[in-house]
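Asks: This is the structure I have questions about; it appears just below.
The values are calculated or read from the model by the stated rules, or taken from the named source; none is laboratory data. Computed from a predicted structure; not experimentally measured. We place every Cβ from the backbone using ideal geometry, glycine too, and count neighbours over all the protein chains shown. Please note that ligands, DNA and RNA were not included when accessible areas were found on the heavy atoms of the full protein model with its side chains. Shrake-Rupley method; radii C 1.70, N 1.55, O 1.52, S 1.80 Å.
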Amino acid sequence: MIVVAVIAHALLGSGALLALVRLARGPSLLDRVVATDTLLVIISASLAVHAALSRDPTVVPVLVVVSLLAFVGSVSIARYVGGMLLQSATGEGSDVGLPRAAEERAAEEREAQG
Amino acid sequence: MSVEPAGSRLRHQLPLLVWLVVVWILLWGTWSWANVVSGVTVALVVMLLLPLPPVVGATRVRPLPLLLFVGHFLVDLVVSGAQVAWRALGPGGAQQGAIVRVQLRVDSDLLLTVVAETLSLVPGSLVLDLDRESRLISIHLLHVDDLADVERQKADVLATEERIVRAFGTAEDIASLETGRLTGRTTR
Amino acid sequence: MSVLASVADVVAAGCLLAGAFLCLTAGVGLVRFPDVLSRMHAGTKPQVLGVLLVMVGGAIRLHGLAATWMLLLVAAFQLITAPVSAHMISRVAYRRRHVRRDLLLVDELSDAGGRDSVYRGDEPADAPPEHPAQALPESRREDQEERENGSQSS
């Protein structure tokens, strides 16, 4: 089991390291969101591996929290980036919910043009 | 919120209540009546404080097609997971993707959601956009070889839709599947 | 240790190793793939198959029903939430043109007129414009010019 533990943690660790590389280099915010998401999943996977190999269920509730936090985090950043589009669309910066669909906007522009 | 008779509202919200109670019991990890009662209380408070629109649209679950769908989904998950892993590690990399639109035939919010979730869960395809009015779904594919491959993957999407509808859809949904195929044949 | 227990241990170890390996390939894909959407593909893979495998391995190894139920719950949460967040991010990525269009064989969404023409390229897309109300007509005008130039040259 020790061999399995070493190999699994080596794989997970190098995966996390590569995700960190993308987190540092990522040219845009969205790249970093994807990298953070993956990093959190890798972290929760390694917690689960640790729990499984040492037969120690103490960290299992942490997994639930981490998996939900990852979701909330990436969704709120996606909303934030989309909201930048939205604020410019309404002009006065008021929140109207979801951004208008690109199709809708393109159709309006076509109508305005001719 | 629109005024709705309390009875039908309760019936619409019942699946949510059951789901919340199940989550509560799974979190506690043990089955006991105290957990059930406290779970129902917490679920009712959550539903009163954070109301959600009801899930409309009837479904009926057919066991055999459901088994077929789940089995196919798991095989898909492993196969395309291995493919994406090979894309990441192998010499090829992901150099040629594609964004395709597929005309779906089913016209039910719930089933469209299940189709979109399934397509996103399988590695290698990612739902970008779903046009509810015309039932057009836009999917990003990680790698395609050529145009024939694009057509093949589109057919895969339609096959997934058909399996889901046969597993969860009502008789009307299955009928729309058939008519959609017929009109597709005549227009082609 | 009985034979059954050791077989279960081997299966669990296999699941854990496969899950860890998928996490590694996710990291590699994250670094190697060219744009946000393809990195998204790499990122959703450990979220689905890798986490499922690790959770199965953990459920085999851990004794006690409470931990098993909770691992099941984690797997269910991942299966429900992963597509939602992936879809939200990829939709924003497409709208803000974080896509290497030169690498796409076909782009039927843009052919159908779904192209977002309000914002110019994706840089500096991550910073909100300082004056949104003025930035919008500005970028519309630039887009218009670009379209006219494009139609002349082609």
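Asks: Could you list, ordered by first residue, the pairs with Cβ atoms under 6 Å in which the first is in the range C:76-100 and outside the structural domain of C:Val48 (by TED's automatic domain parsing) and at pLDDT 80 or above and the second is of a type outside the set (Asp, Glu) and open to solvent by 30 Å² or more (accessible area, probe 1.4 Å), at least 6 apart or interchain?
Replies: none
Asks: Which pairs turn up if I take residues in the range B:23-52 that are of a type in the set (D, E, K, R) and look for partners that are surrounded by fewer than 16 Cβ atoms within 10 Å (Cβ to Cβ) with beta carbon separation below 9 Å, at least 6 apart in sequence or on another chain?
Replies: Here the result reads none, with nothing in the range B:23-52 linked to a residue that is surrounded by fewer than 16 Cβ atoms within 10 Å (Cβ to Cβ).
Asks: Among B:Asp146, B:Asp109, B:Asp156, B:Asp173, which is the only one that is touching a residue at least 60 places away in the same chain (Cβ under 8 Å) and not hydrophobic (A, V, I, L, M, F, W, C)?
Replies: It is B:Asp173.
Asks: A further question follows. How many of the residues making up the range A:34-45 are out of contact with any Gly (no Cβ under 8 Å at 6 or more places or on another chain) and either within 7 Å of chain C (Cβ to nearest Cβ) or open to solvent by 10 Å² or more (accessible area, probe 1.4 Å) (or both)?
Replies: 2
Asks: Any chance you could count how many residues in the range A:51-63 are open to solvent by 10 Å² or more (accessible area, probe 1.4 Å) and free of Cβ contacts under 8 Å to residues at least 40 places away in the same chain?
Replies: So the count comes out to 8.
Asks: Would you mind stating whether B:Val100 is of a type outside the set (Ser, Thr, Tyr), buried (at least 20 other Cβ atoms within 10 Å of the Cβ) and either free of Cβ contacts under 8 Å to residues at least 60 places away in the same chain or not in a loop (DSSP other than H, G, I, E, B) (or both)?
Replies: yes
Asks: Considering the range C:33-43 alone, what residues qualify as being at the interface with chain A (Cβ under 9 Å from one of its Cβ atoms) and closer than 12 Å to B:Val84 by Cβ?
Replies: Selection gives C:Arg39, C:Met40, C:Ala42, C:Gly43.
Asks: While we're here: Where residues in the range C:12-55 are farther than 17 Å from A:Leu11 by Cβ and among the aliphatic types (A, V, I, L, M), which of them is surrounded by the fewest Cβ atoms within 10 Å (Cβ to Cβ)?
Replies: C:Val48
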